[in-house]
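Asks: Take a look at the following structure, please.
The values are calculated or read from the model by the stated rules, or taken from the named source; none is laboratory data. Predicted model only: the values in this text are computed from it and were never measured. All Cβ positions, glycine included, derive from the backbone under ideal geometry; neighbour counts span all protein chains shown. Note: accessible area is taken over every heavy atom of the protein model, side chains too, but ligands, DNA and RNA are not part of it. Shrake-Rupley method; radii C 1.70, N 1.55, O 1.52, S 1.80 Å.
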Amino acid sequence: MDLRLDGKIALVTGGSRGIGKGIAKAFVEAGAQVMITSRKAESCKEAAAELGEGAHFEAGNIGKSEDAERVISATLDRLGGLDILVNNAATNPYAGPTIDVDMPRWQKTLEVNLTAPLFWTQLAWNRAMKEHGGAVINIASVGGLATNPILGVYDITKAALLHLTRQLAAELGPTVRVNAIAPGLIKTDFARVLWEGERGDQVAKAYPLKRLGEPEDVAAAAVFFANDAASGWITGHTLVLDGGGLIGFERAG
Ligand SMILES: NC(=O)c1ccc[n+]([C@@H]2O[C@H](COP(=O)([O-])OP(=O)(O)OC[C@H]3O[C@@H](n4cnc5c(N)ncnc54)[C@H](OP(=O)(O)O)[C@@H]3O)[C@@H](O)[C@H]2O)c1
């Protein structure tokens, strides 16, 4: 099935590079008008120029409520609506045992990875989707389904994001569908230390599908969740997208 998003208006946080840019590109190719946002205006501008007609940008920090208001307003004013929200941007300022995390970094991780997706969804709902319907897609992580010696804090926020997805799906249906994607290791800047060099080869070998993920893999799933015909009866779902890592014989670390 050729999944189209013609006439749809989408907003992708963290759309200037990595997975977010991959999703924005796939949405533009499927016919949507796409607003991309990230902290650096210059990066957004470059990404939008590269994605061509159909891509627009408004810079903002997802953790700042005034930026969220401004980016949502820009989307409504300039593009004329908001049908699809992708909560993609996230942070990971701490690596180490969860028991040792300092409160500023704990708070920061919660704020950006959990509070921000809720706040952006509240704005999207109140200002557009409650009346016109829509789809929300949260980019979580397969880490939210397991434990990890050093990524516990980040994973806890992703586990909570998965439950936020279920909770909001129950609250916002039938008007809005809310789904999550839980990727394994994807080759982006964010995860570079986890996949560059031999470590990446080892992880790839442990995945039944024998390769690491690419932003395009996540983008294809996002188009599926954004398309009402393809996933019209799916809400509150988490799609594990990890080359089979979670169910493989070897645990990829
Ligand atoms: N890569 C992986 O292996 C992997 C695996 C599982 C889940 N994920 C999840 O996938 C999502 C995207 O990750 P990625 O790997 O694509 O990361 P990435 O390549 O580092 O890209 C992150 C994007 O988010 C933006 N961003 C970061 N902090 C922001 C903030 N506070 N406000 C607004 N924008 C912000 C960045 O641009 P600026 O710097 O300009 O703000 C950039 O556009 C995240 O939710 C991550 O947790 C990634």
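Asks: Could you check region 1-103 for helices (runs of 4 or more DSSP H) lying wholly inside it with 1 or more residues that are more than 18 Å from the chain's Cα centre (by Cα) and within 13 Å of the ligand (Cβ to nearest atom)? Before the answer, list the steps.
Replies: Numbers: elements: 18-29, 41-51, 65-74.
In region 1-103, 41-51, 65-74 are the helices (runs of 4 or more DSSP H) which contain 1 or more residues that are more than 18 Å from the chain's Cα centre (by Cα) and within 13 Å of the ligand (Cβ to nearest atom).
Table: residues versus (1) touching a residue at least 24 places away in the same chain (Cβ under 8 Å); (2) open to solvent by 50 Å² or more (accessible area, probe 1.4 Å).
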residue: Ala146; (1), (2): yes, yes
residue: Gly152; (1), (2): yes, no
residue: Ile156; (1), (2): yes, yes
residue: Leu161; (1), (2): yes, no
residue: Val176; (1), (2): yes, no
residue: Phe190; (1), (2): yes, yes
residue: Trp195; (1), (2): no, no
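Asks: Being surrounded by 18 or more Cβ atoms within 10 Å (Cβ to Cβ) and not hydrophobic (A, V, I, L, M, F, W, C) is the filter here, so list the residues in region 85-107 that pass it. Steps first, answer last, please.
Replies: Going residue by residue through region 85-107, those that are surrounded by 18 or more Cβ atoms within 10 Å (Cβ to Cβ) are 85-92, 94, 101.
Passing the criteria: Asn87, Asn88, Thr91, Asn92, Tyr94.
Asks: Which one of these does Leu164 not meet: (1) touching a Pro at 6+ places or on another chain (Cβ under 8 Å); (2) not in a helix (DSSP H, G or I)?
Replies: (2)
Asks: Can we say Val101 is closer than 17 Å to Asn138 by Cβ and either in contact with a Cys (Cβ under 9 Å, 6 or more places away or on another chain) or hydrophobic (A, V, I, L, M, F, W, C) (or both)?
Replies: Working: closer than 17 Å to Asn138 by Cβ: no; either in contact with a Cys (Cβ under 9 Å, 6 or more places away or on another chain) or hydrophobic (A, V, I, L, M, F, W, C) (or both): yes.
Considered against the rule, which asks whether it is closer than 17 Å to Asn138 by Cβ and either in contact with a Cys (Cβ under 9 Å, 6 or more places away or on another chain) or hydrophobic (A, V, I, L, M, F, W, C) (or both), Val101 comes out as no.
Asks: Report whether or not Ala135 is more than 15 Å from the ligand (Cβ to nearest atom) and either open to solvent by 10 Å² or more (accessible area, probe 1.4 Å) or not in a helix (DSSP H, G or I) (or both).
Replies: yes
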